[in-house]
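Structure record follows, encoded as structure tokens.
Every number in this text was worked out from the coordinates using simple rules, so none of it is lab data. Computed from a predicted structure; not experimentally measured. Backbone-built Cβ (ideal geometry, glycine too); neighbour counts: all protein chains shown.
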Amino acid sequence: MERTSAPGTLTLAGVLMLGAIVGAAGYAALAAGEDAPAVDPADQRLLHELAAKDEIRAQIYNYARGLDRMDRELATRVWHADGTANYIGTYEGTGAGFVDWVWPFHEQLTAHSHQITNVLIEVDGDTAVSEAYVMASLHTRTVDGATTLLVRSRYADTWSKREGRWAIDHRLAITDFRTLSVADDPGEPTEGRRDRGDPSYQAYPF
């Protein structure tokens, strides 16, 4: 796949500005009784690419939210129905199957928090590839304290847009390292919940 982005590529704010300029030019032309000006193909490609990147990032972030809030539908939605996953040395199969496989492990934890950063995306028409850095904190209260397993990994995903929706065709999950912390104090209870009763759904119920 050829790289289409380069330093100086517009941000999402730039997309909105470009769209506003194009729309304003078209409106002005129509108001004057003229034909709307043709949109430059390069601008159309840029708008498509940046809109695709924005949707793909949202999918990646929603996956983390789905895991942490134990929202199975949200976590599974990141894959197409026939999407696959290879968590090297741990799981290989369908994306939905991975969610089913990892769910009981998360249920036995006290809490968990997934952060996904450094998201790099390259778009080629209705297909794309991405790499993202992942930090998963897996917390368990014990009889005499608590343990927190920190896993640093990366997701290398291939995507496609089908019927207007971007989702993963295949995910390759690569673990970089793990560390385990042990505490004598289990800590105080927190307000976060692992279901749709979490306070965040009051403000963002999606």
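In what sequence do 87, 63 fall when counting other Cβ within 10 Å, fewest first?
87, 63
Using only the Cα atoms, work out Rg/Rh for region 40-115, with Rh taken as the Kirkwood radius, to two decimals.
Reported Rg/Rh, Kirkwood definition of Rh: 1.11.
Ranking 159, 79 by Cβ neighbours within 10 Å, fewest first, what do you get?
The fewest-first ordering by Cβ neighbours comes to 79, 159.
Quick one: net charge of residue 79's neighbours, Cβ under 13 Å, K/R +1, D/E -1?
Around residue 79, the charge tally is 0.
I need the per residue convex hull volume for region 40-190, using only the alpha carbons, in cubic angstrom as a whole number.
Cα-based convex hull of region 40-190, divided per residue, equals 114 Å³.
Work out, step by step, the length gained on full extension between residue 102 and residue 185: first 0.36 nm times the residue separation, then minus their alpha carbon distance; give nm to one decimal.
Net length gain for the segment: 27.2 nm.
Which FRET efficiency value, to the nearest 0.05, do you get for residue 44 and residue 201 by plugging their Cβ-Cβ distance into 1/(1 + (r/R0)^6) with R0 = 35 Å?
So the FRET efficiency works out to roughly 0.45.
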